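Here's the structure, in structure tokens; my notes come after.
The values are calculated or read from the model by the stated rules, or taken from the named source; none is laboratory data. What you are looking at is a predicted structure, and each value in this text was computed from that prediction instead of being measured. With ideal geometry, Cβ positions are generated from the backbone for all residues, glycine too; neighbour counts draw on all protein chains shown.
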Amino acid sequence: MRLSILIVDDERKARSVLKNSLEMIGDYDVTEARNGSEAINQIRKHPPDVVFLDIKMPGMSGFDVLHHFPDRNFHVVFQTAFDQYALRAFDENAIDYLLKPFNLERLQQCLQKLENKSIASMDQSPEVLSSLGWDLKRMTVQVGDGYKVIDVRDILFIRSEDRIVFVYLESNRYAIGLSLNEIEEKVSPDNFKRVHRSSIVNLSKVKSLKIETSRTSLIMKNGEKVEVSRNYRKTMKQIFSEDVK
């Protein structure tokens, strides 16, 4: 089955270069949209397998376009001249992030990722979507000048510190481009719980609950303490007891 690809970019030259490059690499069904509004209309009328989406466009950004498709069944590849949106792009479950100008080899790598995901069968079952990370099984965090994808199950807790949100693993912490409220909406409520206005914990990584006269804390498996605020103490006491291991 031919892969159907929609290119969304307000620059005609950029659309043309990408379309020509795709045609050089393989046999794809390629269509174009000049802006966000056109993209939304085309996706609704003729749902593509993949959308190559520019981020900064007049009137409506690429992120705005995706907000019209909260339960989308197509893959997204962001293509942009700006590198500062990479964290947010991957948190939108993008397959790839192409920084303009990119060469043919880089595009081939991207297409290989898409082919490995078996996009043509994406709408067959909820399990397929889950295996591709649509229930936020992974997060993209900042590491120096680059980025790293981590497994959400490895997170001990998430905390906001001086307006920066960090995810804590066993021995490292990483900055992430999401607010705590955004994270709380994305992660599984069965596994992650808000325990403070500045903290969310992974319940499976809690070693014990410590109750003191003026403070209640969760002791994580790496020894870190996470304070539980008054509003969440009752819930935590119901979940945990002294025999938590």
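Details
- Residue within the range 50-61 that is within 19 Å of R138 (Cβ to Cβ) and surrounded by fewer than 19 Cβ atoms within 10 Å (Cβ to Cβ) present: no
- Among the residues making up the range 101-124, those that are among the basic types (K, R) and modelled with pLDDT under 85 are K113, K117.
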